[in-house]
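First comes the structure, then the notes that go with it.
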Number of protein chains: 2
Amino acid sequence: MKAAQFLTIDGEFAMKRGSLTKPSIAFETWGKLNSQADNAVLIFTGLSPSAHAASSPEDPSAGWWEDMIGPAKPLDSDRYFIICVNSLGSCFGSSGPASVNPTTGAPYRLSFPVLTVEDIANIATHILDHLDIDQLHTVIGPSMGGMTALSFALNHANRCRRLLSISSAARALPHAIALRSLQREIIRRDPLWLEGNYDPAGHGPEMGMRLARKLGMISYRSGEEWAERFGRERAPDFTEADTPFGIDFEVESYLQTHADRFIGAFDANCYLYLSRAMDLFDGLDHGGSLSASFNDLRLESAMVIGVATDALFPLSQQQELAEALQEKIPEVVFSALDSIQGHDSFLVDMDRFRPAIAAYF
Amino acid sequence: MKAAQFLTIDGEFAMKRGSLTKPSIAFETWGKLNSQADNAVLIFTGLSPSAHAASSPEDPSAGWWEDMIGPAKPLDSDRYFIICVNSLGSCFGSSGPASVNPTTGAPYRLSFPVLTVEDIANIATHILDHLDIDQLHTVIGPSMGGMTALSFALNHANRCRRLLSISSAARALPHAIALRSLQREIIRRDPLWLEGNYDPAGHGPEMGMRLARKLGMISYRSGEEWAERFGRERAPDFTEADTPFGIDFEVESYLQTHADRFIGAFDANCYLYLSRAMDLFDGLDHGGSLSASFNDLRLESAMVIGVATDALFPLSQQQELAEALQEKIPEVVFSALDSIQGHDSFLVDMDRFRPAIAAYF
């Protein structure tokens, strides 16, 4: 987080349900704001990334969207002033359940108010004010970030001209809710969760987090990709003969490696809050139908991009979003890519996503 | 299990890896064997059902395939002698990890040999011998039972004339393996699993079983069905305002109800053994390709039936199975149904499955 900047909001920040005293928000930027202040692009992230979307002179480590952001890249930092925000409720510099509540001196833990996607979107307006940006060129978000970007466009209609929704949806459907609800329950059932009262600086419910992450990986990728990639390959540390229930298959070893990497990198309570925020978000809250809700939009243009193998945010939902936007917005591009990596394609299938996003910019 | 019959095998039963002393197998039958003994139909079950596939005078309670089996039903007990077997390794009368090992007087638990689908198929031949059936009219299986039926047709080629594979596959692919592996790990991480040494008559790892069952339900049904059925309906005992992470949505309440029903009904170690058997099964073991493996088949006819919304046994795998069978067998029917209930369709979408199966018989 060497490159991260921090904005602390004076006084109370009103949330949809409750409020926070002097919350902080972490963000990073690339490129320069032009003199008309009309080249700013704001990126909201998926559930787990930090604001470090790309490397910079201050922090040369690769970011989570390294191939997308930088000079001569699709989000060209020679042309745009790019901002990425660590979501409210997360644990990479922004206030969340793992942060210390300044009024009590103790971590918020479950006393953090119910988090909604709207709160994550709303608090970003303080960053725009701080940076003297009246109106964004584009608001962007993949996955949960797409919900946040849509919420921003709905609730701050005059502060953005364009919307780029990536592998996201206007609201969660029950299959995705069921998966996330089960992930949360797996974490909560870990005896070391302690009803949320584990030490945020300690290990916490690591086993629950590991299992939840494995379920996440299963929902983020596609069966087609894994069939091609792993087939029925056995793991190198093939244990079948030794233990009755160890790791037999390469795919099990892969999940174990990914889950291990996640442990210690993300706070369990923050995960619970952000995960539930995705379930609660409903882009229809403004109207009762997408069409009615979208009456508030003032966008000039929008792009909805997704992939056919996405099991978490199915393409049908993204098409529905694009069609509802088309009723209200002069220009809407709907792009369905052939990526086989499922929901995670926007992070890994750069050969398809880069040109599609470059074309929109 | 009032209607169940039990066959205890004398001496040792050789398994693929290890052996059992005097194992028992539970089964039920409907209808009568004709004088030519050529009207017997054998059903292997999915992972969790018992042999009680349908009601009978001895046990009038509804079976798990009640609409499919009986007089004038698709599996017509006026015409066929129908047998359903409780899988070896299960806990409804057949020997499994929860059974007492006759040589030690204690439950097998993890000393039960590694279970394979081939073992489940092989032991059923003892039932045929016992019932004086040389050759089956048809061997049938849904889900894991389809793998077992295929194994039976491969390894006992002269003992069946026809095969009916329902929502199954010739081998597990990594997406399904990952889901089952995670279910098993969730159970094993329950502190009350005790490395398998919980008391089979006690509660055991109920929380792990509940969570694993929820994951099972998510993989057994389809997002399309749940979107239609639940949408974003809130649960009647809507707890959002009260607790930070309770049950908000109808789909969460549904999963909870189903998981509660499963608890106490299935032994955790048996579940682990059967689940892993599905992962280990590979219909290619006979050859290196399905086509080479299927050289051993002596079937007159086969039907492969499945549904497009099956996320666990994708239709593409069922089509692959049908095509490989078509190379070797005079008559192969491939039936892809439009059911939206996913893998579980064969249990619930009777309006589509009944006529399709009746047509084959």
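Only residues that are part of a strand (DSSP E or B), charged (D, E, K, R) and over 22 Å from the mean Cα position of the chain (by Cα) were counted across the stretch A:3-43, and they come to 1. In the condition set (1) over 22 Å from A:Arg180 (Cβ atoms); (2) at pLDDT 95 or above, A:Phe92 is compliant with all but (1).
Tell me whether the stretch A:94-114 contains one or more residues that are more than 14 Å from chain B (Cβ to nearest Cβ) and closer than 21 Å to A:Trp30 by Cα. Reasoning before the result, please.
Taking the stretch A:94-114 and keeping what is more than 14 Å from chain B (Cβ to nearest Cβ), we get A:94-95, A:98-107.
If we keep only those that are closer than 21 Å to A:Trp30 by Cα too, we end up with A:94.
For the stretch A:94-114, residues more than 14 Å from chain B (Cβ to nearest Cβ) and closer than 21 Å to A:Trp30 by Cα: present.
Conditions (1) within 17 Å of A:Leu182 (Cα to Cα); (2) of a type outside the set (Val, Ile, Thr); (3) in contact with a Pro (Cβ under 6 Å, 6 or more places away or on another chain), marked per residue:
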{"residue": "B:Ala157", "(1), (2), (3)": "no, yes, no"}
{"residue": "B:Arg161", "(1), (2), (3)": "no, yes, no"}
{"residue": "B:Ala176", "(1), (2), (3)": "no, yes, no"}
{"residue": "B:Ile187", "(1), (2), (3)": "yes, no, yes"}
{"residue": "B:Glu195", "(1), (2), (3)": "no, yes, no"}
{"residue": "B:Gly202", "(1), (2), (3)": "no, yes, no"}
{"residue": "B:Ser222", "(1), (2), (3)": "yes, yes, no"}
{"residue": "B:Gly231", "(1), (2), (3)": "no, yes, no"}
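When each of A:Leu325, A:Leu347, A:Leu337 is tested for being under 17 Å from A:Thr148 (Cα atoms), among the aliphatic types (A, V, I, L, M) and in contact with a helix residue (DSSP H, G or I) (Cβ under 9 Å, 6 or more places away or on another chain), the lone residue that passes is A:Leu325.
Does the stretch B:308-327 contain any residue that is surrounded by fewer than 16 Cβ atoms within 10 Å (Cβ to Cβ), assigned to a loop (DSSP other than H, G, I, E, B) and not hydrophobic (A, V, I, L, M, F, W, C)? Yes; the residues of the stretch B:308-327 include at least one that is surrounded by fewer than 16 Cβ atoms within 10 Å (Cβ to Cβ), assigned to a loop (DSSP other than H, G, I, E, B) and not hydrophobic (A, V, I, L, M, F, W, C). Taking (1) at pLDDT 90 or above; (2) within 23 Å of the chain's Cα centre (by Cα) in turn, B:Leu284 satisfies each apart from (1).
When the residues of the stretch A:291-301 are narrowed to those that are touching a Leu at 6+ places or on another chain (Cβ under 6 Å) and not small (Gly, Ala, Ser), which ends up surrounded by the fewest Cβ atoms within 10 Å (Cβ to Cβ)? Selected residue: A:Asp296. For the stretch A:68-84, does any single residue satisfy the condition of being more than 22 Å from the chain's Cα centre (by Cα), at positive phi and either touching a residue at least 40 places away in the same chain (Cβ under 8 Å) or not assigned by TED's automatic domain parsing to the domain that holds A:Met217 (or both)? Yes, some residue in the stretch A:68-84 is more than 22 Å from the chain's Cα centre (by Cα), at positive phi and either touching a residue at least 40 places away in the same chain (Cβ under 8 Å) or not assigned by TED's automatic domain parsing to the domain that holds A:Met217 (or both). Any residue at all in the stretch B:330-348 that's more than 24 Å from B:Arg184 (Cβ to Cβ), over 18 Å from the mean Cα position of the chain (by Cα) and assigned to a helix (DSSP H, G or I)? Within the stretch B:330-348, not a single residue is more than 24 Å from B:Arg184 (Cβ to Cβ), over 18 Å from the mean Cα position of the chain (by Cα) and assigned to a helix (DSSP H, G or I). Screening A:Leu110, A:Leu128, A:Leu150 for residues that are in contact with a Leu (Cβ under 8 Å, 6 or more places away or on another chain) and over 21 Å from A:Ser345 (Cβ atoms) leaves exactly one candidate, A:Leu128.
Only one residue in B:Asn197, B:Asn158 is in the same structural domain as B:Ala40 (by TED's automatic domain parsing) and surrounded by fewer than 24 Cβ atoms within 10 Å (Cβ to Cβ), so which one is that? Exactly one residue qualifies, and that residue is B:Asn158.
Taken over the stretch B:3-24, the residue count meeting the criterion of being aliphatic (A, V, I, L, M) and either loosely packed, with under 15 Cβ neighbours inside 10 Å or closer than 21 Å to B:Ser55 by Cβ (or both) is 3. Kindly indicate whether A:Ser87 is buried (at least 20 other Cβ atoms within 10 Å of the Cβ), more than 15 Å from the chain's Cα centre (by Cα) and either not charged (D, E, K, R) or not in a loop (DSSP other than H, G, I, E, B) (or both). In short, no. Of the residues making up the stretch B:276-288, those that are within 13 Å of chain A (Cβ to nearest Cβ) and either farther than 9 Å from B:Val117 by Cα or not in a loop (DSSP other than H, G, I, E, B) (or both) are B:Arg276, B:Ala277, B:Met278, B:Asp279, B:Leu280, B:Asp282, B:Gly283, B:Leu284, B:Asp285, B:Gly288.
The values are calculated or read from the model by the stated rules, or taken from the named source; none is laboratory data. Just so it is clear, the structure is predicted and the values come from calculations on it, not from any experiment. Every residue, glycine among them, receives a Cβ derived from its backbone with ideal geometry; neighbour counts consider all protein chains shown.
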